[in-house]
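Peer 1: First the structure, which I've put down as structure tokens, then a few questions once you've had a look.
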Amino acid sequence: MKKYTMETAVGVFVMIGLLCVGYLTVQLGRIPILEGDTYRLNARFTSVSGLKTGSAVNMFGIEVGRVDRLGMDQQSQQATVELIIRKDVKVYEDAIASIKTEGLIGDKFISIDPGGAGEPLPSGGTIIQTQPAVDVADVIGKYAFGDVKKEEPAKK
């Protein structure tokens, strides 16, 4: 009888351990099990260099979503980005999405200025006004090699 008690205790312990590992995998991997509290938006950019699936979507400096998918639209010659946004966050028709960098050489993320005029975008809607990321290497290269024009003081 004591043998079965010990086996049962070990089995319960293993099950609890597996449940904990599964929970941590979902939480740390940010795997959405149920997407009932989110909705999807799309945005089109001329360049999404440095942006990755899973990158943050921020509004007012607060994370409100994630980048779900990156793709290309061959007809319009633009990169497409599919975003997952929290349901309690409203993004309007005149919103502006821009790709920013955390710090000088940090990860890229999307920053949304939500707008306020017009109607809120429905699930599957598209943010029309976008700004691609500024390539820091290009700016430094232009400055280092003299391509940036300096303003001359006005002559008297």
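Peer 1: Put +1 on the Cβ of every Lys and Arg and -1 on every Asp and Glu Cβ in segment 38-129; which of I84, P122, I96 then has its Cα farthest towards the positive end of the dipole?
Peer 2: About the Cα centre, the residue reaching furthest to the positive side is I84.
Peer 1: I've got another one for you. Can you give the alpha-carbon Rg of segment 3-106 over 2.2 N^0.38 Å, where N counts its residues?
Peer 2: Dividing the Cα Rg of segment 3-106 by 2.2 N^0.38 Å gives 1.57.
Peer 1: While we're on this one: Which one of V14, S49, Q27 is farthest out on the positive end of the charge dipole of segment 1-116, using unit charges on Cβ (Lys, Arg +1; Asp, Glu -1) and the Cα centre as origin?
Peer 2: The Cα lying farthest towards the positive end belongs to V14.
Peer 1: So for R66, R86, what's the accessible-area order with a 1.4 Å probe, most first?
Peer 2: Putting R66, R86 in descending order of accessible area: R86, R66.
The values are calculated or read from the model by the stated rules, or taken from the named source; none is laboratory data. Only a predicted model underlies this, so the values are computations on that prediction, with no experimental measurement involved. Ideal geometry is used to build each Cβ from the backbone, glycine not excepted, and the neighbour counts take in all protein chains shown. Note: areas computed on protein heavy atoms with side chains; ligands, DNA, RNA excluded. Shrake-Rupley method; radii C 1.70, N 1.55, O 1.52, S 1.80 Å.
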